[in-house]
Amino acid sequence: MSGIHVSTKINGDAVEFVCDVEETLLDVLRDKLGMTGSKEGCASGDCGACSVTVDGRLTCSCLMLGAEAEGHDIGTIEGIAKGTQLHPIQQKILDHAALQCGVCTPGFVVAAKALLEKNPDPTETEVRFWLAGNLCRCTGYDKIIRAVMDAAAEMRGQ
Amino acid sequence: MRYESPQTIEAASALLASEAGLARILAGGTDLLVQLRSGMVEPDLVVDVKNIPTMTSIVEENGGYRIGAAVSSAVMNEHADLCAMWPGVMEGADLIGSTQVQGRATMVGNLCNCGPAADSVPGMVAANAIATIVGPNGRREVPVIDIPVAPGKSTLAKGEIVESVFLPAQVKRGGDAYLRFIPRTEMDIAVVGVGVNIELDDSGVCTHARVGLGAVAIKVLLVEDAAKALIGSKLDDAALDKMAAATSAACKPINDKRGTIEFRTKVAGVLAVRAVKIALERANKRASNGGEK
Amino acid sequence: MARNPDADSAPAPKAVKTSTIEFDADKAKTFKVVGSRPPRPDGMDKVTGRARFGADMVMPGQLVGLILRSPHPHAVIVSIDTTAAEALSGVKSVITRDDFAENADHHDVLCNIMAREKALYEGHAIAAVAATSKAVARKALKLIKVDYQILPHVTDVDLAMAPDAPLLHADMITSGVTPAPTKPSNIAGRSEFGHGDVEAGFALADVIIERDFKTAATHQGYIEPHACVANVGADGMSELWCCTQGHFHVRQVCASLLGIDVSRLRVTASEIGGGFGGKTTVFIEPVALALSRKAGRPVKIAMSRDEVFKASGPTASSSMNVKIGVTKDGHITAGEGEFRYQGGAFAGAPADFGAMSAFACYALDNVKTVAYDVVTNRPKGAAYRAPGAPMSVYAVESVIAELAGEIGMDPIELRLKNAAREGTKSSYGPKFGSCGLVETLEAARDHPHYSAPLGPNQGRGVASGFWFNFGGETCSTLNINADGTVAIAVGTPDIGGSRAAMCIMAAEELGIPYERVRTIVADTSSLGYNDTTEGSRVTFSSGMAVIKASRKAVTEMCNRAAMIWDIPAEAVTWEDGHAKPSGANAGEFEPMSLAEIAATASKTGGPIAGHHEYNADGAGVSFGTHIVDTEVDPETGRVDILRYTVVQDAGKAIHPDYVEGQFQGGAVQGIGWALNEEYIYGEDGRLQNAGFLDYRMPVASDLPMIDTVIVEVPNPGHPYGVRGVGETGIVPPLAAIANGVSAAAGVRLTELPMSPPRVLKAIDDAKVAAQ
Ligand SMILES: Cc1cc2nc3c(=O)[nH]c(=O)nc-3n(C[C@H](O)[C@H](O)[C@H](O)COP(=O)(O)OP(=O)(O)OC[C@H]3O[C@@H](n4cnc5c(N)ncnc54)[C@H](O)[C@@H]3O)c2cc1C
Ligand code: FES
Ligand code: FES
């Protein structure tokens, strides 16, 4: 099996890797690049734990081949805090105790950030529907939704 | 397995045509990757069509829109004019999966996967969307309804690729709608899906109607009897009842993990009525806006 | 209450050495840290993706392990041929059951993690390979030849109990029946609970309602699939990294299955991505160890989601009958129920817990419950949040709601009239101590939700629920660092913020800020044995160990201060984080802070620490009452949850955010169970929905906010009054929602899940019946 050579940008850094055709972007991130912040909950697009952005657009990294990343800009959970400075969504998740086990949290952070970039003032219903592809089994979503709404308000300067 | 990412549709078609083993087109990959992962398909060649410019753009044409086959639903749903003209088709596509899935999934992938429950297909069928197909023998145009045959099986020949889908101009007093039934609010496969497109004359009489029906047979259906029940009426309750009965009668569902025969048959009629009511409201609104939006 | 899920035989009675510290009402009035909501110690790592879960570990030279699983629900395994797989380049080891010795202590566990004689369910492990890559391992699995002789199967509990049912185990003789049956069956055990004379009780009733109920099997649905990395050295020294609720238990079972001393196996619990009871046992861990031992290299196994559904431990499905009698003025005269649970291919369905908790909310003179633990060709169940209780309580609370309607009494009033309280002889035997059911009912009744108006096609449901809660073997260590910070090690994996709760309790005891205390979950070589994180026991038991360890450290710090001041140790007290001289002849000294004592510790005798080991007793029972508003689409049977309120007794909420989180999470799992989640089997005995798409857990857009009311009736068996809170929250929702949907639909629903086809059929059948 010959590998495919892929050049991408991940969280702003140029990254090159060689992958098998069958490998998903999630496999590459976790197993090749040691970026284990993106989680595999299902490998079939159902749970959102593997959420990343591709050229700014929210995607499941398990539903994309590593090879498809060629020439694209990938954003992962590892790139969201700037050094020790948390993104407001991360901070609000902590403040609202919007995590229990935390395995879904990276996916929610990536997905919520993509939402607020597109829609800085979402209604609760909009937040709930946007995040419907992110499963959380621990929290019942209540505190997560509150955290995202609160982060949105803070980012709007309210 | 090999991966190719050609720049033209002709090159893509040639790759597919010359592959001796199993070849698959990769658009958004939201069906294909799940199938690869589960071992359901084991292709020798995967041809990514997302780097082909004619397949990744939306262009206005004769008052309607030509949508490249590799355009993701998320991109399509950001096209305000397209959404205003064909809200039902766009909603059908928008119902596919999650926000994440939306970022990749295409209508044509939905169509060519040939699942009977494909959410964007009943709406396209109702709108009488036409697919442009490019293959080793050149281009041809085919109504969307003629592409799926059965789950995973289409009328496309070896080497053929759907390049785009054309949605014609909506008429002045026309409206469409798509409704599906799922047990949750999101992330479910349709148990029943109904797409309708209606046109009315100035007096409010229905002059044209198409009803597409999903998840109740081995493929998406065009229900002509349901359309007949509407045409010539003012979409009064009697006409709607008749249409609902025709819709239910067209169902040939199975009992499975997603629903029973009894349930699907009944709910198909219920949804059809609700969808027509929405389409009617849209048609009237469109007419009052002078045939726009 | 919890039960070792891997104990095949009844556990030998332990010599009971328990220690409790009683509730201290005065201290509770002056809490400084308890009841606050500080950020959790592991929070930063979890929002940035740095936290390492089961599958995130990489060991040098690590191989990929994959498991071959039976496609058949029931088959004799005639032969397994692994030669071709072994010969494949890149394959480093292949194992079957033959690589494990027989094990009398853990016979069922062994048979479950690796089949040999028979495959008992679709997904049952048959063999495993370790290879240099996933692709090679996958190829190797395909090269293993298994010759099956297919047998008839059974997946339904009632069918499995029939005399002519396909038999899973030729030697299964029902326990708990005298005289013992002479023939084997699929009924592993029968148990019975209660008191009084139910027939006499029913004779006093004005209204009697008897109903049959069914619930489908559901899965805990944790988002993180089981994963582990095993590394067995040539000398047998082994390490195992895994996501588990109980790494000490994992060590015990794995060491036994591998035939090594426990001291040779060090198990580290990774961060755990949800468990809810499902990670209290072993599935892949012994397999990874056996593969590693054979290959001489570390082996990682991570289950796919499909494997999680097919081959981990879901909960039981049930079939039940409940009969309750009541007088016109609302006195329950008798309650009776039979609860038949199937728990998969081996004994252990929590039918007994179901039968015990069914009527626990009521003070009854006459009550009788009978439980049957039944085996079927499904994966062996594991615990799931209050194992066994949600189903039986669903049946009982549905009948209670119907009775309230029949006699025209408010359903909360009916419950209040008959509610269990302190001193009530419980339906399963013991007398209740102080408990908070009445308080939750009153709070629910007085909540604005309960009197809010409803629209058309809407219905309100109420139900109460109960869970025992559990203590168990626990130990922890607390070290006072030289800089005045404090490091705590506990042995109970943190599945929902318990490290924060430990820090809070230590900070409270020591009188220092929360930020100066850190808690870790120690590996199995660093601490004595700890029971698993289950039974809502951690904040209670580990918390009490931390409090005791803190007090020991305080005593030692007082000793050190006494030494420095040269006064008797008894003349020093601890106040607000400082040692202070006290009493007549103590003398005048400036109080010394914890940091000051710590800084000079090297000169006063060396490091200061406290530790505590015990078998915790006195976990207080917990009750909750839920209110839900539902709306039913009469044309499609679709149910919407419009509003939801959880009221539950927490004893004392150490960190209220995480208490609310437990309430909300439990309620939403209950919503899933009530409405759409289910294991769907085909005629072929295969699971048809082994993925999230068709298993249908609630997603964010399905739900409203989940309101919570924390009631605090202190547990007399804990110094701060803590009761477990983790499990009770999943008990009331099934019934509450069934009551709400039945009210909205105008017809009583008696089967879960209340999926749209089922609701629509009930509505349509009722219409036909009415005509
Ligand atoms: C989590 C999840 C949820 C989903 N939910 C829904 C849902 O609610 N409703 C629904 O309908 N579907 C759903 N799907 C299925 C899937 O997302 C859709 O069918 C989607 O539209 C497929 O588009 P795609 O571009 O990703 O297709 P791909 O996977 O790229 O392709 C699908 C098939 O079409 C073929 N194909 C693709 N493009 C062409 C072309 N241009 N010419 C010829 N053949 C082509 C491919 O070879 C393949 O066989 C879901 C999938 C996931 C993973
Ligand atoms: S792992 Fe990608 S969506 Fe679940
Ligand atoms: S916090 Fe555990 S899955 Fe969300």
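Every number in this text was worked out from the coordinates using simple rules, so none of it is lab data. Predicted, not measured: the structure shown is a model, and the values here were computed from it. Note: ideal-geometry Cβ built from the backbone for every residue, glycine included; neighbour counts use all protein chains shown.
List of remarks:
- Nearest-ten-degree value, helix B:237-250 long axis tilted from longest Cα axis of chain B: 30
- From its DSSP helices (H runs of at least four residues, each -39,500 (n - 2.57)), the protein assembly as shown gives a residue-normalised ellipticity at 222 nm of -8500 deg cm²/dmol.
- Positive-pole candidate from B:Leu156, B:Gly63, B:Pro53, dipole of region B:2-167, charges at beta carbon: B:Leu156
- Cα-based Rg / Dmax (Å) for region C:617-771: 18.0, 62
- What the Cβ-Cβ distance of C:Asp329 and C:Glu406 gives, at R0 = 22 Å and to the nearest 0.05, is a FRET efficiency of 0.95.
- Of all DSSP bridge pairs formed entirely within region C:426-530, close to 50 percent run antiparallel.
- B:Cys83 versus B:Asp241: modelled label distance in nm, points set 7 Å from Cα along the beta carbon direction: 3.8
- Residue among C:Val287, C:Cys475, C:Ser191 farthest towards the positive dipole end of chain C, charges placed on Cβ: C:Val287
- Lys/Arg +1, Asp/Glu -1 at C-beta; the protein assembly as shown dipole; positive extreme among C:Gln252, C:Ala598, C:Ile567: C:Gln252
- Flagged links, alpha-carbon separation over 32 Å, of A:Lys39/C:Lys294; A:Lys82/C:Lys552; A:Lys143/C:Lys380; A:Lys118/C:Lys134; C:Lys46/C:Lys294; C:Lys323/C:Lys652: A:Lys82/C:Lys552; A:Lys143/C:Lys380; A:Lys118/C:Lys134; C:Lys46/C:Lys294; C:Lys323/C:Lys652
- Relative intensity, log₁₀ I(q)/I(0), of region A:4-79 from a Debye sum that treats every alpha carbon as a point, q = 0.13, 0.23, 0.27 Å⁻¹: -0.30, -1.01, -1.44
- Computed over the protein assembly as shown, the alpha-carbon pair-distance distribution with 20 angstrom bins reads 11, 39, 36, 12, 1, 0, each value a whole percent.
- Taken over the alpha carbons of region C:472-616 as equal point scatterers, the Debye sum produces base-10 log I(q)/I(0) values at 0.09, 0.12, 0.13, 0.14 Å⁻¹ of -0.28, -0.48, -0.55, -0.63.
- Pairs of Cα atoms farther than 17 Å apart, region A:88-155, %: 28
- Hull shadow area, averaged, chain B [alpha-carbon convex hull, nm²]: 14.5
- Chain C: DSSP helices with Cα axial extent of at least 20 Å and average Kyte-Doolittle hydropathy no lower than 1.6: none
- Beyond 15 Å, the tail of the calculated P(r) for region C:546-643 holds 70 percent of the Cα pairs.
- Distance between region C:231-307 and region C:559-631 - C-alpha centres, whole angstrom: 37
- Each Lys and Arg contributes +1 and each Asp and Glu -1, all at the Cβ; summed about the Cα centre of the protein assembly as shown, the dipole is approximately 960 debye.
- Taking Lys and Arg as +1 and Asp and Glu as -1, the other residues whose beta-carbon sits under 12 Å from that of C:Gly337 total -2.
- Region B:174-285: translational diffusion in µm²/s, Stokes-Einstein, Kirkwood Rh over Cα pairs, 25 °C, 0.890 mPa s: 178
- 4 °C / 1.567 mPa s Stokes-Einstein diffusion coefficient of region A:1-141, Kirkwood radius on C-alpha pairs, µm²/s: 84
- Across every pair of non-identical alpha carbons in region C:22-154, the mean reciprocal distance, once inverted, gives a Kirkwood radius of 18.7 Å.
- Between 0 and 90°, nearest 10: helix B:261-288 axis offset from chain B longest Cα axis: 80
- Two-site FRET efficiency, A:Ser7 against C:Ser602, from Cβ-Cβ distance with R₀ of 35 Å, rounded to 0.05: 0.05
- For region C:323-354, backbone nitrogen atoms closer than 19 Å to the point 7 Å from C:Glu192 Cα along Cα-to-C-beta are found at C:323-324, C:334-341, C:351-354.
- Electrostatic tally near A:Phe129: other residues with Cβ closer than 12 Å to its Cβ, Lys and Arg +1, Asp and Glu -1, net -3.
- Cut-off 14 Å between beta-carbons: net charge of the residues surrounding C:Ser238, Lys and Arg +1, Asp and Glu -1: +1
- Cα-based helix-to-principal-axis angle, B:9-18 vs chain B, degrees rounded to 10: 60
- With both labels modelled 7 Å from their Cα along Cα-to-Cβ, the C:Met59 to C:Asn481 distance reads 2.9 nm.
- Approximate spin-label separation C:Phe31-B:Glu141, in nm, with each point projected 7 Å along Cα-to-Cβ: 7.3
- For region A:88-155, a simple Cβ point-charge model (Lys and Arg +1, Asp and Glu -1, everything else neutral) yields a dipole of about 240 debye relative to the Cα centre.
- Sorting B:Ser288, A:Ser38, B:Ser98 from the fewest to the most surrounding beta carbons within 10 angstrom yields B:Ser288, A:Ser38, B:Ser98.
- When DSSP beta bridges are restricted to pairs lying wholly in chain C, around 75% turn out antiparallel.
- The DSSP beta bridges internal to the protein assembly as shown are antiparallel in roughly 80% of cases.
- Considering chain C, its Cα convex hull presents a mean projected area of 35.7 nm².
- In region C:367-450, one over the average inverse separation of all distinct C-alpha pairs is 15.5 Å, which is the Kirkwood hydrodynamic radius.
- Taking the square roots of 5 times each eigenvalue of the Cα gyration tensor of region B:2-167, largest first, gives ellipsoid semi-axes of 24, 18, 15 Å.
- Spatially near lysine pairs across region B:174-285, Cα under 20 Å, sequence gap of 8 or more or different chains: 17
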